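What follows is a short report on a single structure.
The values are calculated or read from the model by the stated rules, or taken from the named source; none is laboratory data. What you are looking at is a predicted structure, and each value in this text was computed from that prediction instead of being measured. Heads up, the Cβs are rebuilt from the backbone with ideal geometry, glycines too, and the neighbour counts pull from every protein chain shown.
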Amino acid sequence: MTAHRVALYWAPETDDPLHARGSAWLGRDAAAGAALAQPVVPGIDLAEVTADPRGYGLHATLKPPFRLVQDYAALLAEATAFAARVAPFDLPPLAVHDLDGFLALRETAPCPALHALADGCVAALDAHRAPPDAAEVARRRPERLGAAQRDNLDRWGYPYVFGEWRFHVTLTRRLAAAEKAAVMPAVTDFLGDAPARPRRVAALSVFVQPAPGAHFTIVARLPLRG
């Protein structure tokens with residue numbers, strides 16, 4: 001497996017309606033590695049608005065993308081063992097929210113198990129993460145981060161982990177107010193009842209970016225067996 005970067009994400013199962021609808025909204029199926037036709041939103045260039053999240057695929061981040069210090073097989077073995085220690089759990093209904101200017105699906109009720117899963121992924125697999133280089137750190141704009149976020153960047157290579165982590169499935173880039181007025185009702189209508197349907201978190205999804213600038217694809221789903 002050639003992996004420029006690897007990430008541990010939550011992603012809906014391929015038979016979940018959210019996978020089909022969310023992937024179509026972004027214009028790409030990260031499981032199949034295929035481009036998809038997007039809906040039309042009058043007055044909005046949806047391909048441009050969704051360009052950034054499309055590259056990562058429909059997901060919520062658990063352990064953010066990182067370069068490997070060891071080989072992929074070693075990471076996969078440890079991630080599989082970690083997943084085997086975690087029990088499946090129910091995910092609260094999701095809904096479209098404005099998250100600091102980005103539109104994203106977020107949980108509608110607290111879910112401690114979800115936060116524990118993200119924390120566990122970050123810590124348990126960190127031995128496989130190569131430290132970020134100076135350019136990667138600079139892209140995080142450390143001068144704009146709070147103290148806890150900067151500490152996270154220094155220790156874990158990413159600002160938004162542990163107490164700074166928020167579950168979110170990104171659906172757009174940051175939007176201006178006029179764009180949000182058009183896109184918010186469009187994406188809410190397009191996704192329909194799929195976000196709010198009952199679902200279990202029953203697996204970790206391993207996403208791989210094979211080369212710099214390439215799209216991330218799902219290469220493995222690791223069952224939670226605890």
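Conditions (1) farther than 17 Å from V169 by Cβ; (2) crowded, with 18+ Cβ neighbours inside 10 Å, marked per residue:
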| residue | (1), (2) |
| --- | --- |
| E13 | no, no |
| S23 | no, yes |
| V49 | no, yes |
| P64 | no, yes |
| F82 | yes, yes |
| L91 | no, yes |
With respect to V6, determine if the residue is surrounded by 15 or more Cβ atoms within 10 Å (Cβ to Cβ), part of a loop (DSSP other than H, G, I, E, B) and not basic (K, R).
-> no
Among residues of the stretch 152-170, those that are at pLDDT below 95 and surrounded by fewer than 16 Cβ atoms within 10 Å (Cβ to Cβ), counted = 1
Answer from R174, R200 - the residue that is touching a Leu at 6+ places or on another chain (Cβ under 9 Å) and at pLDDT 95 or above = R200
Output the qualifying pairs, or none if there are none: Cβ atoms under 7 angstrom, residues six or more apart or on different chains, first residue in the stretch 10-38 and within 16 Å of A202 (Cβ to Cβ), second residue in a loop (DSSP other than H, G, I, E, B) and of a type in the set (S, T, Y).
-> A31/T14
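Scan the stretch 131-144 residue by residue and report those that are part of a helix (DSSP H, G or I) and surrounded by 11 or more Cβ atoms within 10 Å (Cβ to Cβ). Walk me through how you get there before you give the answer.
Our first condition is that a residue be part of a helix (DSSP H, G or I); within the stretch 131-144, this holds for 134-139, 142-144.
Answer for the stretch 131-144, where residues must be part of a helix (DSSP H, G or I) and surrounded by 11 or more Cβ atoms within 10 Å (Cβ to Cβ): E136, V137, A138, P142.
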Could you tell me whether R173 is over 15 Å from W10 (Cα atoms), surrounded by 13 or more Cβ atoms within 10 Å (Cβ to Cβ) and in contact with an Asp or Glu (Cβ under 6 Å, 6 or more places away or on another chain)?
-> yes
Of the conditions (1) buried (at least 17 other Cβ atoms within 10 Å of the Cβ); (2) of a type in the set (A, V, I, L, M, F, W, C); (3) touching an Asp or Glu at 6+ places or on another chain (Cβ under 7 Å), C121 fails just one. Which one is it?
-> (3)
